[in-house]
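Everything below concerns the one structure shown next.
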Amino acid sequence: MSSQPHQSIALAATATDTTATINDEEPHVLNKFIKRPYTVGLVPVPFSGGQPKSGVDDGPIELLRYGLLSQIKELGYKVDFEGDDIEAYTKLRPESDPDIGVLKKPLYVSRACELVKSKVAAQCMAG
């Protein structure tokens with residue numbers, strides 16, 4: 001069993017009709033939920049507001065650093081990457097956010113969930 005914390009990343013599958021896939025070929029791994037052209041929307045979520053262990057929020061950045069985007073492209077998918085404001089989650093942390101019972105940092109977690117929802121919804125609406 002690994003002592004590394006679990007890493008989280010949100011993914012949304014999208015499809016648009018205006019661009020071509022890599023090499024105009026089908027991906028190596030087909031998915032019935034992803035339409036042509038085969039595009040995967042990637043939304044990194046570096047957040048650990050409710051997690052007591054530090055480092056969880058490094059997961060998405062480490063996945064990107066170790067080649068997640070290129071690996072998805074190698075499978076034949078186009079990648080729509082939503083990582084332009086990857087630091088947005090740290091900006092959501094309130095100055096005061098006391099725990100409520102077993103809920104850790106409820107205001108911060110709520111704000112982060114809203115941002116994830118809006119980014120994933122935007123990817124889904126794109127196709």
Inset, instruction - Within the stretch 69-78, identify whether any single residue is within 30 Å of residue 37 (Cα to Cα) and small (Gly, Ala, Ser), and answer yes or no. - result: yes
Inset, instruction - Tell me which residues, restricted to the stretch 108-127, are polar (S, T, N, Q) and farther than 19 Å from residue 95 by Cβ. - result: 118, 123
Inset, instruction - Just name the residue that is modelled with the lowest pLDDT out of those in the stretch 64-111 that are in contact with a Gly (Cβ under 7 Å, 6 or more places away or on another chain) and open to solvent by 50 Å² or more (accessible area, probe 1.4 Å). - result: 82
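So that you can scan it fast, the table gives a plain yes or no per residue for (1) crowded, with 16+ Cβ neighbours inside 10 Å; (2) in contact with a Gly (Cβ under 6 Å, 6 or more places away or on another chain); (3) at pLDDT 80 or above; (4) assigned to a loop (DSSP other than H, G, I, E, B):
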site	(1), (2), (3), (4)
14	yes, yes, no, no
39	yes, no, yes, no
45	yes, no, yes, yes
62	no, no, yes, no
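The values are calculated or read from the model by the stated rules, or taken from the named source; none is laboratory data. Quick caveat, the model's predicted, so the values are computed rather than measured. Note that each Cβ is placed from the backbone with ideal geometry, even for glycine, and that neighbours are counted across all protein chains shown. Note: areas computed on protein heavy atoms with side chains; ligands, DNA, RNA excluded. Shrake-Rupley method; radii C 1.70, N 1.55, O 1.52, S 1.80 Å.
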